[in-house]
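Notes follow once the structure below has been shown.
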Amino acid sequence: MTNRIALAALAFAAAAQAAGAGAAPMLGFSPGGAEAERALEAKFDANLSTAAIDARLKLLAAAPNEVGSPHDKANAEWVLGQLKSWGWDAHIETFQVLYPTPKHEALELVGPTPFEATLNEPPIPGDASSAVRENALPPYLIYAADGDVTGDLVYVNYGNPDDYVALARMGVNVKGKIVIARYGQAWRGLKVKEAYEHGAIGCIIYSDPADDGYGSGDVYPKGAWRPSEGVQRGSVLDIPIESGDPLTPNVGATADAKRIPISEAKVLMKIPALPISYGDAQPLLAALGGPVAPKAWRGGLPITYHVGGGQMGAGSARVHMAVQSDWSLKPIYDVIGVMKGAEYPDEWVIRANHRDGWVFGAWDPLSGQSAMLEEARSMGALAKTGWRPKRTIIYASWDGEEPGLLGSTEWAEEHADELKAKGVLYVNSDTNTRGMFGAGASYSAQRLITQAAGDVKDPETGVSALARAMALLEVRGQAPEANEDAKREARAAAAGEDLPIGALGSGSDYTPFVQHLGIASINFEYGGEGEQGGVYHSQYDTYEHFARFGDPGMVYGVAMAETGGRLMLRTADADVVPLQFGDLAANIGQNLGELHKLSDNLRERAVTVDRLLDAKAYGLADDPTRPTQPPERLDAVPVIDFGPLDTAVARLKTSAAAYDAALAASGPLAAAKHAQLDKVLIGVEHSLTDPQGLPGRPWYQHLIYAPGMLTGYGAKTLPGVREALEGRRWEEAQAYVARTAGVIDAARARIEEATAIVKGGA
């Protein structure tokens, strides 16, 4: 059986390589150059060590590592020393950022049965790190408001907008009350923001065991999953508005930077919020009366879930919560290593992973940091043999990512003009575990990603990371529950097309580079099999846990280093910047098709809801003993003229195909043409930005992908149009059709300019 499986896997791998881009000429290289590059990559791989990654991870995660901790600074200085010893020109850039820390936190159930939450994570047997308390950040939601409030408790499920609609239909109002939401589905900051916008005076967020506790498997230490005392810390900074230091928008938070008053910061929450464990949540939820929660709202606790909302003495539970923080500035330390390019020193290829965690941060982020530093060590070894990249390579170890992408954003804002002129590609990673390769990226980098994954061996199967990822897509596409996206990706995998990639939203350090500055970016990782979700942002994200459940033997740390190394080396050494635009045009075309479908669905839903309201169907469908309010009537959806976008995308597809064909057919370019062509290619991604930005958030300037205002991390494609449609702002949608078509036309003009250079540059 084992042999047949292995043979089948090898056959699939061979088919994927032969049919896909892995068999095509290496993007950006002449045939001879590609051969030399693969020989260089073999030397790079030979320098990589699982033992080195393991020892580095253990050292970096040896003490609490959050912003402002002694170990955070010590780690920065250690990374600096390592980079210098490997031959990098390295330095630390320090920024002063608003970073509140807790002075006092309390949560208690006042009635009907008094209970005081522990707000504590006790040590785990067999995990020595979890017993460390000195400098460890307690459970905390950074950038929530100070407050001391008492009110009736209401359970709001995941705290999404649709959940509040459902509560309203149940006759439950959260105004003047404290809400409790479970983690999941949307970013935590949006849960607090939605609670405030619906009139709540406080917000509690807990981890339900159905999501990442015993509902998923055995809890730590027997298994990997969240124990009853585990708490997910995190930031509630309003990152969909802008990332970075709240007091220095659009400029680097240097010591002498001009700062706005805290009262003017747009991204801070306006009500107090606390994270708690499911052990602390159970007595609160058990005390609730009122309507029984809908079936989809019921988690894994051994209670009947109610939503509350009754009057005192009629099924209500009353809660007191208090949060007081020290709202001072703290230093963050970005470590920057530079290897100057031999031919194009003013073209920068940037690789980064953040270094700060919420406590120890072994998985998030040090699994990725340790692997990235192994890349830097191996490149340093190559440089000592005489090799130099054609383009400048920069390795960055960011600080302050967890509270709000602080280190990356402040560095990007401080160097914005230079980055816009010189930034070729930004390659990001964050966490890493055993499992499948996956990436989100600028669409023009899809071919580069595909080819890199095709040349990295998966440690568990021996086939390429690409082949394994494609196999997963095909299998998912055949599942009974597969949606249209899964089926489309399965068809792409079966046809040997480039590996499908996700659009970039937010949640990691690529955000300021791609969405604010317009620099082509990649975010990649391995995962899906390492069981780390249960200790996410908790005291239990330790070296001990990761070594058992995340990446035993650190073999996927090496796979990450091999992948990151290829992306960096190939971009730095290619004859021509290795971006490809057929994928860009195809993906934008797919996004546009989704907008057409969204508009049609909204129109159909409005007609259907109004018809059901007129027929009083909602009342007839109700259980008379548990009546609900009917939904609100929807306004009619006008016809949106997508013509400008349809035309722009059609022209982009033609121009992109012409460039890709011209490059594939071209011989060596004259030396004088290389820099000219690279400058044009670098500008394609920037052309997709608009200095006016997105509605209500001008910091986000990319009109092809952005984090959703109501998803936080999750990407929205063609966001100006899409979110206006979803918000039923019809005039705004029509305006952004024109503006989005304009940036696509600007990118097309750049691509056509590049085609002319290629055709005339021999």
For residues in the range 260-270 being in contact (Cβ under 8 Å) with a residue 40 or more places away in the chain and outside any helix (DSSP H, G or I), which is most open to solvent (accessible area, probe 1.4 Å)? Lys270
Look at the range 203-234 and say how many of its residues are among the small types (Gly, Ala, Ser), crowded, with 23+ Cβ neighbours inside 10 Å and out of contact with any Lys or Arg (no Cβ under 7 Å at 6 or more places or on another chain). 2
Take the range 78-95 and flag every residue that is in contact with a Leu (Cβ under 9 Å, 6 or more places away or on another chain), in a helix (DSSP H, G or I) and over 21 Å from Pro389 (Cβ atoms). Trp78
Test: residue in the range 732-741 that is acidic (Asp, Glu) and open to solvent by 20 Å² or more (accessible area, probe 1.4 Å): yes
Please specify each residue of the range 114-133 satisfying the condition of being under 30 Å from the mean Cα position of the chain (by Cα) and touching a residue at least 40 places away in the same chain (Cβ under 8 Å). Leu119, Asn120, Glu121, Pro122, Ile124, Asp127, Ser129, Ser130, Val132
Going through the range 710-731 one residue at a time, which ones are β-branched (Val, Ile, Thr) and open to solvent by 50 Å² or more (accessible area, probe 1.4 Å)? none
Any chance Gly423 is within 28 Å of Pro64 (Cα to Cα), modelled with pLDDT of 95 or more and either touching a helix residue (DSSP H, G or I) at 6+ places or on another chain (Cβ under 8 Å) or not acidic (Asp, Glu) (or both): no
Picking from Ala128, Ala145, the residue that is closer than 22 Å to Ser235 by Cα, at pLDDT 95 or above and small (Gly, Ala, Ser) would be Ala145
Here are some conditions: (1) in a loop (DSSP other than H, G, I, E, B); (2) surrounded by fewer than 24 Cβ atoms within 10 Å (Cβ to Cβ); (3) not hydroxyl-bearing (Ser, Thr, Tyr). Arg476 meets all but one. Which one does it not meet? (1)
In the range 662-671, residues that are open to solvent by 60 Å² or more (accessible area, probe 1.4 Å) and more than 18 Å from Ala572 (Cα to Cα) total 2
Please go through (1) of a type outside the set (Gly, Ala, Ser); (2) under 23 Å from His537 (Cα atoms); (3) in contact with a Ser or Thr (Cβ under 9 Å, 6 or more places away or on another chain); (4) open to solvent by less than 60 Å² (accessible area, probe 1.4 Å) for Lys103 and return the number of the only condition it doesn't satisfy. (4)
Find the residue count for the range 145-189, including only residues that are over 25 Å from the mean Cα position of the chain (by Cα), within 21 Å of Ile276 (Cα to Cα) and among the polar types (S, T, N, Q). 1
Residue by residue through the range 303-349, note down the ones that are in a loop (DSSP other than H, G, I, E, B), of a type in the set (S, T, N, Q) and at pLDDT 95 or above. Thr304, Ser328
Considering only residues that are open to solvent by 10 Å² or more (accessible area, probe 1.4 Å) and under 14 Å from the mean Cα position of the chain (by Cα), which ones fall in the range 402-417? Glu402
Within the range 479-518, can you find the residues that are over 28 Å from Arg351 (Cα atoms), open to solvent by 30 Å² or more (accessible area, probe 1.4 Å) and in a loop (DSSP other than H, G, I, E, B)? Pro480, Glu481, Asn483, Ala495
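Here's the yes/no breakdown for (1) under 30 Å from Asn173 (Cβ atoms); (2) aromatic (Phe, Trp, Tyr); (3) surrounded by 12 or more Cβ atoms within 10 Å (Cβ to Cβ):
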residue	(1), (2), (3)
Glu594	no, no, yes
Lys597	no, no, no
Glu604	no, no, no
Val609	yes, no, yes
Ala617	yes, no, yes
Pro624	yes, no, no
Pro630	yes, no, yes
Any residue that is in contact (Cβ under 8 Å) with a residue 12 or more places away in the chain, farther than 29 Å from Leu57 by Cα and open to solvent by 10 Å² or more (accessible area, probe 1.4 Å) - is there at least one of those in the range 447-457? yes
Check whether at least one residue in the range 191-202 is over 25 Å from the mean Cα position of the chain (by Cα), of a type in the set (Gly, Ala, Ser) and open to solvent by 10 Å² or more (accessible area, probe 1.4 Å), and report yes or no. yes
Could you pull out the residue among Ala63, Ala52, Ala74 that is under 29 Å from the mean Cα position of the chain (by Cα), outside any strand (DSSP E or B), under 30 Å from Asp573 (Cβ atoms) and modelled with pLDDT of 95 or more? Ala52
For residues in the range 35-46 being under 32 Å from the mean Cα position of the chain (by Cα) and among the small types (Gly, Ala, Ser), which is nearest to Gln451 (Cα to Cα)? Ala42
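The values are calculated or read from the model by the stated rules, or taken from the named source; none is laboratory data. These figures come from a predicted structure and were not determined experimentally. Note that each Cβ is placed from the backbone with ideal geometry, even for glycine, and that neighbours are counted across all protein chains shown. For accessibility, only protein heavy atoms count, side chains too; no ligands or nucleic acids. Shrake-Rupley method; radii C 1.70, N 1.55, O 1.52, S 1.80 Å.
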